[in-house]
1. What single numbered condition from (1) outside any loop (DSSP other than H, G, I, E, B); (2) open to solvent by less than 10 Å² (accessible area, probe 1.4 Å); (3) within 16 Å of the ligand (Cβ to nearest atom) fails to hold for ARG346?
2. Under 8 Å between Cβ atoms, at least 6 apart or on separate chains: pull out the pairs that start in the stretch 292-318 with a residue that is within 17 Å of LEU415 (Cβ to Cβ) and open to solvent by 10 Å² or more (accessible area, probe 1.4 Å) and end on any residue that is away from the ligand (no atom under 16 Å from the Cβ) and among the small types (Gly, Ala, Ser).
3. Filter the stretch 106-151 for residues that are among the aliphatic types (A, V, I, L, M) and either surrounded by 18 or more Cβ atoms within 10 Å (Cβ to Cβ) or in a helix (DSSP H, G or I) (or both) and give the result.
4. What about ALA444, is it more than 14 Å from the ligand (Cβ to nearest atom), at negative phi, open to solvent by less than 30 Å² (accessible area, probe 1.4 Å) and touching a residue at least 24 places away in the same chain (Cβ under 8 Å)?
5. Scan (1) more than 20 Å from THR243 (Cα to Cα); (2) in contact with a helix residue (DSSP H, G or I) (Cβ under 9 Å, 6 or more places away or on another chain); (3) not in a loop (DSSP other than H, G, I, E, B) for the single condition VAL385 breaks and write down its number.
6. Out of LEU174, LEU207, LEU199, I need the residue that is surrounded by fewer than 24 Cβ atoms within 10 Å (Cβ to Cβ), under 24 Å from ILE49 (Cβ atoms) and among the aliphatic types (A, V, I, L, M). Which one?
7. Those residues that are more than 9 Å from the ligand (Cβ to nearest atom) and open to solvent by less than 10 Å² (accessible area, probe 1.4 Å), I need them from the stretch 219-236; list them, please.
8. If you check PRO215 against the conditions, is it more than 12 Å from the ligand (Cβ to nearest atom), without any contact (Cβ under 8 Å) to a residue 40 or more places away in the chain and not polar (S, T, N, Q)?
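The values are calculated or read from the model by the stated rules, or taken from the named source; none is laboratory data. Note that this is a predicted model, so its numbers are computed, not measured. Don't worry about glycine lacking a Cβ; one is built from the backbone with ideal geometry, like all the others, and counts go over all protein chains shown. Only protein heavy atoms, including side chains, enter the accessible area calculation; ligands, DNA and RNA are left aside. Shrake-Rupley method; radii C 1.70, N 1.55, O 1.52, S 1.80 Å.
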Amino acid sequence: MTQIQEPVHLSGHSAVPLPPGRLFIDGDWRDAVATGRRDVIDPATGSVITTVADGGAADIDAAVTAAGRAFDEGPWPRMSGRERGDHLLKLAEVMKEHREELARLESLDTGKPIVFARMVDLGDAIDQYTYYGSLASTVQGATRSIRRPGFAYTRREPLGVVGAISPFNFPLILSSTKIAPALAAGNTVVHKPAEDTPLTALRLAELFAEAGLPPGVLNVVTGGAEAGAALVRHPGVHKIGFTGSTATGTAVAAAAAEGVKPATMELGGKSAQLIFADAELGRAIECAVNGFVFNTGQFCMGGTRLLVHRSHYETVLGALAEAATHVPVGDPRQESTIVGPLAGLRHLENVERYVALGEGRVVAGGRRLDIGGGYYYAPTVLADVANDARVVQEEVFGPVLTVQPFDTEDEAVALANSTRYGLAAALHTNDLARAHRVAARLRAGIVWVNSYAVLDAALPFGGVGHSGYGRENGPEGLDAYLQTKSVYMPTD
Ligand code: NAD
């Protein structure tokens, strides 16, 4: 593979080689056909880190052609599941070797605190390759007993070329939740990362190629809506794995349907946390705070609607105000930082617009923070909001929590289920029967009891309603990249 990049020095951190406006196609760097470029901005300072290609339809076509060739003629789909599994386990090892470099790159690109980039983003992304590496050998068909004499069996086969489209908030994790199971199943992949945060996708593809992943098995085209739409519509793409907003997802689902392509759609959320009268209050408040400040609120499963039994309403508001005011906000490179900047100016302005609607009493925050030219917003708690307020019903995607009181279990469940979304929910109670009863009644793809945001490569997640369809993680996540073929041969 040709080494063509000059190392770029990243804000005083160790040198990381970045491709200056190139795409990773067919196992090597390639100049984009599209002439447009996008600046990649450091959200902590507003300064330009580097520029990447704004890929277009011709670039997608080149990547899909390479992926199609790798699928039709290359070794990857023809290997045994065990062999592919071994490759994925090796990729996990390569990520571990480059853990610190990738964590710093992810933190620089997204503005997320380095402690979380290391622990959560790298931890969970590596786990995808480890988990699906282990699962790859379990893919198997079955013999079937049918009425005619003969031998009937099923084969579990890959789908072909997968178009993977990921959002800006967890670039490594949410590309890995697609790439790892897709590769384990024997597919080849074209990945289009988010326009704001493309850096780790490019570096990872390069590292994987160096680690022996055959050419064309994983291709990366940077760009925005144009590249994404071209990928979804390309006739050489057989499956779409998409994570992003409900608005974009609706267009992607429609385009996929037009091409009769299966799609996994991981979309927006407005998840509720319920604190019942019998909850262990200290733990519940801790979950409430983490649920809305984690990743600066740019978390699809953020617990952004807090529903509190009226007996605890004022106590919880007081504790939230205290915690939100003291959570360490600042430079994501500092080890002590818990809340970094928002990932871009447009995200900051969006949060400002929602708070400016004035739909709730500001108990904490409610303003920008002037730190080093970055896109910072103070963790914000809004009390006394009406259930039909926009800030309660719409995804703000920033560190903003709304708090509403309830009197009965039925009312709490009705409020929790009252948005068009259904991604996640949490409930806090010490009543065992209530825990299971309410978990069953909540309209969400995942429910946490006395905890929040516990995610694992083995535990499926995904949405209902406008939060999408299909599941990532677990055996379900692998199934999403397989299809069944039936084979019959007479024996008489
Ligand atoms: P977005 O919808 O703006 O973009 C997502 C991706 O789609 C990007 O790569 C973008 O370039 C691409 N895209 C844009 N227009 C396209 C088109 N017409 N066709 C194909 N691709 C197109 O989302 P975002 O702002 O990057 O991410 C935030 C959103 O993602 C939030 O709504 C959040 O809830 C959601 N999200 C969901 C999950 C989940 O698991 N359900 C996880 C993380 C984020």
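1. (2)
2. HIS309/ALA277; HIS309/ALA279; HIS309/ALA412; SER311/ALA277; HIS312/ALA277; HIS312/ALA279
3. Of the stretch 106-151, the ones among the aliphatic types (A, V, I, L, M) are 108, 114-115, 117, 119-120, 122, 125-126, 135-136, 139, 142, 146.
Once the filter is applied, which keeps residues that are among the aliphatic types (A, V, I, L, M) and either surrounded by 18 or more Cβ atoms within 10 Å (Cβ to Cβ) or in a helix (DSSP H, G or I) (or both), the stretch 106-151 yields LEU108, ILE114, VAL115, ALA117, MET119, VAL120, LEU122, ALA125, ILE126, LEU135, ALA136, VAL139.
4. On the way: more than 14 Å from the ligand (Cβ to nearest atom): no; at negative phi: yes; open to solvent by less than 30 Å² (accessible area, probe 1.4 Å): yes; touching a residue at least 24 places away in the same chain (Cβ under 8 Å): yes.
It is false that ALA444 is more than 14 Å from the ligand (Cβ to nearest atom), at negative phi, open to solvent by less than 30 Å² (accessible area, probe 1.4 Å) and touching a residue at least 24 places away in the same chain (Cβ under 8 Å).
5. Here VAL385 meets the rest and fails (3).
6. None of the others qualify; the one that does is LEU207.
7. To start, the set of residues in the stretch 219-236 that are more than 9 Å from the ligand (Cβ to nearest atom) comprises 219-222, 234-236.
Matches in the stretch 219-236: ASN219, VAL220, VAL221, THR222.
8. Values: more than 12 Å from the ligand (Cβ to nearest atom): yes; without any contact (Cβ under 8 Å) to a residue 40 or more places away in the chain: no; not polar (S, T, N, Q): yes.
The answer is no for PRO215.
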